[in-house]
């Protein structure tokens with residue numbers, strides 16, 4: 001008997017990722033799962049959305065090697081401190097001990113920045129905007145969880161170089177606009193927070209977290225955008241010659257996301273029946289189910305094939321499920337796997353010239369077959385909006401402001417804050433929560449810091465996190 | 001001054017991979033290069049061709065973890081022997097020594113076959129046809145060479161399971177048909193040889209090599225197809241229940257290819273001016289060059305934009321090079337980068353209602369603008385055929401039959417062979433060549449083995465190899 005999302009989200013999640021054929025967790029290395037065909041197809045659709053946004057903004061795709069020499073990795077001091085406990089080391093090849101240890105990239109700053117000085121000569125080479133989608137590795141010590149905390153990570157990372165701080169800031173604005181595009185496609189509401197100093201990315205000048213609230217009411221970071229200023233360009237010597245012939249250090253930014261996007265999509269949109277995929281990433285957007293009655297087989301099959309071709313010609317990813325089994329079993333399976341729309345066609349429909357359109361969320365519409373294509377377009381859009389609306393309501397209800405926060409509060413608490421690190425860390429401890437950071441865009445705050453009583457300079461967000 | 005292909009192929013190759021912006025060899029780990037945007041785009045186009053063929057034949061794409069536990073890797077005895085000297089070992093994570101060493105996959109049999117027993121229950125689950133496109137790692141001891149011999153390999157590998165030997169053989173026939181499709185798209189002639197016993201894949205029952213001759217007159221393997229029989233299913237316990245309720249071992253096959261496909265494409269089609277990309281994989285298939293004369297700028301720009309849109313609407317990958325530089329410099333660059341077709345548009349063309357179409361191989365055609373789209377279609381096809389024809393002629397001229405082969409012969413020598421391993425190995429030594437194997441499909445041979453004088457049972461191919 002399957003666990004219900006409504007009664008035990010965590011257990012439901014652990015089961016559904018396998019029951020919906022997304023992954024197989026039985027591979028004998030902890031935190032490294034097998035992507036099954038259906039899950040891999042969803043992930044490839046997510047990657048396609050990422051590539052689309054990045055191409056629009058003139059980023060170029062590259063691929064840098066997985067293995068990074070130890071010396072290279074240690075060039076930027078803060079960066080190593082942040083990752084030292086998390087990297088996998090290759091020490092031998094065949095029977096030989098390597099002269100220098102190599103590590104599996106946990107992220108690719110140090111690999112990429114060893115080559116940038118060779119690619120950038122003058123201001124005319126800037127901005128340089130590249131990205132890659134690769135496997136990265138982190139030896140996570142916390143409990144692993146499919147898609148949400150894994151040790152082999154499917155990672156998107158963009159890396160950009162700019163002539164000055166201002167142009168790098170423009171890039172960050174562009175990144176935020178791209179994020180809007182991605183997350184809309186996944187029907188996911190999110191919050192942007194500027195991470196506090198004590199929790200920014202190893203080597204960053206500042207970091208922006210892209211966070212969502214899961215049904216556990218805990219927050220997970222789905223992406224991050226970093227302003228590096230000259231923190232990496234100095235140790236790696238990434239300079240350009242300006243119009244006056246002076247050599248200047250580049251300013252750099254990065255933007256990263258992973259298969260957590262999929263994990264959050266499943267978590268937030270799923271229900272007791274299974275996962276619910278947003279139309280943009282569903283491998284099958286429309287499934288056709290023939291309702292066969294004895295003696296009418298041929299008529300139904302012919303009509304289903306005809307409808308299949310019509311839908312496919314419109315560019316939808318459509319599947320005709322003509323297996324020799326009951327409609328009920330098929331409904332169950334495609335609901336479990338989160339297909340947005342189902343079209344049922346039986347002999348009575350054919351006689352009336354109608355079809356029955358059923359949305360993954362249960363809405364059922366009988367319509368004339370002649371209006372089916374319009375119906376699919378409309379219901380697909382409405383279904384996406386409905387996913388977004390439901391997720392937005394859930395999220396909004398879990399964000400609260402409080403000038404006297406107490407331990408045991410749920411969701412995200414926004415508290416007036418003086419900006420002092422000590423007060424921030426004390427609140428974390430008192431509430432047993434983590435600081436997400438200050439809202440982006442900034443929101444005026446008129447209160448007083450509950451720790452020290454000074455006038456607050458900003459709101460700060462705290463939450464239970466993954 | 002650039003090296004010419006016609007005078008020094010090896011040096012030309014080493015230079016052209018960087019000059020044409022395909023890769024950067026300055027990454028500080030031997031045999032691991034950086035893919036630049038242009039090279040990565042060609043590779044992604046090659047991957048798209050592979051995926052297309054595999055989807056047509058109902059293979060499903062999966063992704064298995066990179067890291068393989070040592071014990072798992074050692075389950076099939078011959079397989080380990082074949083790879084033991086070539087694998088990279090991960091021994092530490094963070095500060096900890098791992099309890100069990102993990103290796104970077106050199107190929108994924110042992111990773112995938114640990115899970116197959118969980119996926120296959122009955123005959124109804126067969127055939128199981130999966131593939132993945134992933135990074136693999138081999139600690140090559142020979143001299144590395146961009147795309148042709150690297151230590152991080154971009155690898156396509158399909159893995160199939162069947163109920164019996166006969167069905168696995170059918171799969172191999174299907175693989176051979178797919179190969180025909182890939183190689184036609186790359187305009188590459190190839191030879192199929194059944195590898196001799198002493199050179200088959202580690203763990204295989206038999207192996208088929210897909211080989212091409214490079215301009216160095218040496219042969220390189222671009223792909224391989226293996227019949228495993230029950231060699232892996234027995235140690236890994238991959239069984240199914242047949243119709244009578246008996247448990248049977250699966251028969252398995254694999255098919256693998258890598259970025260060597262790109263290396264060979266560059267090597268074979270390139271010339272002194274640069275690389276020549278087959279239309280199927282060229283990131284830019286048509287480039288438009290405005291021929292600007294003073295006072296006519298606007299007119300030319302407008303016409304170029306108009307033509308650009310017409311070509312793009314036909315689905316071609318087209319680029320309008322409107323940089324502020326001379327046409328000559330642009331011609332040079334796009335020839336270097338192997339763009340199949342160029343369209344020149346100047347004021348005189350516009351007055352006459354014509355455009356000039358120039359093929360990468362130098363053929364120049366003035367045509368009415370109204371016939372341009374037909375012209376592009378025709379010349380694109382012809383250009384592809386011409387690449388194939390030229391490559392075929394080159395290859396055919398380097399395949400010779402001889403019943404008294406001598407050291408110093410070039411290309412591929414087909415020799416009558418008794419089938420005896422001793423005679424084969426002696427010929428290898430005497431000719432200082434490697435055995436490619438026996439022709440597929442088999443070709444009747446009436447001669448006598450030049451080593452032992454017995455009646456030959458088959459031809460055998462020998463060549464200098466990479």
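For the reader, a short list of remarks on this structure follows.
- Within region A:1-37, tally of residues that are in a helix (DSSP H, G or I) and more than 9 Å from chain B (Cβ to nearest Cβ): 11
- Breaking point among (1) surrounded by fewer than 19 Cβ atoms within 10 Å (Cβ to Cβ); (2) within 29 Å of the chain's Cα centre (by Cα), for residue B:94: (2)
- Residue A:163 vs. criteria at pLDDT 95 or above, over 21 Å from residue A:440 (Cβ atoms) and within 15 Å of the chain's Cα centre (by Cα): no
- Members of region A:416-449 found to be closer than 13 Å to residue A:401 by Cβ and modelled with pLDDT under 95, listed by number: A:443, A:444, A:445, A:446, A:447
- Flag if residue B:164 is within 27 Å of residue B:231 (Cα to Cα), touching a residue at least 12 places away in the same chain (Cβ under 8 Å), away from chain A (no Cβ under 14 Å) and surrounded by fewer than 22 Cβ atoms within 10 Å (Cβ to Cβ): yes
- Residue in region A:287-300 that is touching a helix residue (DSSP H, G or I) at 6+ places or on another chain (Cβ under 8 Å) and free of Cβ contacts under 8 Å to residues at least 40 places away in the same chain present: no
- For region A:3-17, a residue qualifies if it is surrounded by fewer than 17 Cβ atoms within 10 Å (Cβ to Cβ) and in contact (Cβ under 8 Å) with a residue 24 or more places away in the chain, and the qualifying residues are A:4, A:6, A:10, A:14.
- In region B:71-85, of all residues being surrounded by fewer than 17 Cβ atoms within 10 Å (Cβ to Cβ) and within 11 Å of chain A (Cβ to nearest Cβ), the one that is nearest to residue B:151 (Cα to Cα) corresponds to B:85.
- Considered as a group, the residues in region A:120-133 that are within 14 Å of chain B (Cβ to nearest Cβ) and out of contact with any strand residue (DSSP E or B) (no Cβ under 6 Å at 6 or more places or on another chain) include one that is nearest to residue A:262 (Cα to Cα), and that residue is A:125.
- Qualifying residue in region B:430-443 (condition: within 31 Å of the chain's Cα centre (by Cα) and more than 30 Å from residue B:194 (Cβ to Cβ)): no
- Residues being modelled with pLDDT under 95 and more than 24 Å from residue B:216 (Cβ to Cβ) - total across region B:366-408: 2
- Checked against the criterion of being in a loop (DSSP other than H, G, I, E, B), more than 7 Å from every other protein chain (Cβ to nearest Cβ) and either closer than 19 Å to residue A:102 by Cβ or out of contact with any strand residue (DSSP E or B) (no Cβ under 6 Å at 6 or more places or on another chain) (or both), region B:41-57 has at least one qualifying residue.
- Hey, residue A:63 out of contact with any helix residue (DSSP H, G or I) (no Cβ under 6 Å at 6 or more places or on another chain) and within 12 Å of another protein chain (Cβ to nearest Cβ) or not: no
- Residue within region B:290-311 that is part of a strand (DSSP E or B) and either assigned by TED's automatic domain parsing to the domain that holds residue B:136 or more than 33 Å from the chain's Cα centre (by Cα) (or both) present: yes
- Residue in region B:117-124 that is crowded, with 18+ Cβ neighbours inside 10 Å and either within 23 Å of residue B:225 (Cα to Cα) or under 31 Å from the mean Cα position of the chain (by Cα) (or both) present: yes
- Flag if residue B:141 is within 10 Å of another protein chain (Cβ to nearest Cβ) and over 30 Å from residue B:242 (Cβ atoms): yes
The values are calculated or read from the model by the stated rules, or taken from the named source; none is laboratory data. Fair warning: this is a prediction, and the values are worked out from it, not measured in the lab. Neighbour counts are summed over all protein chains in view; Cβ atoms, including those assigned to glycine, are modelled from backbone coordinates with ideal geometry.
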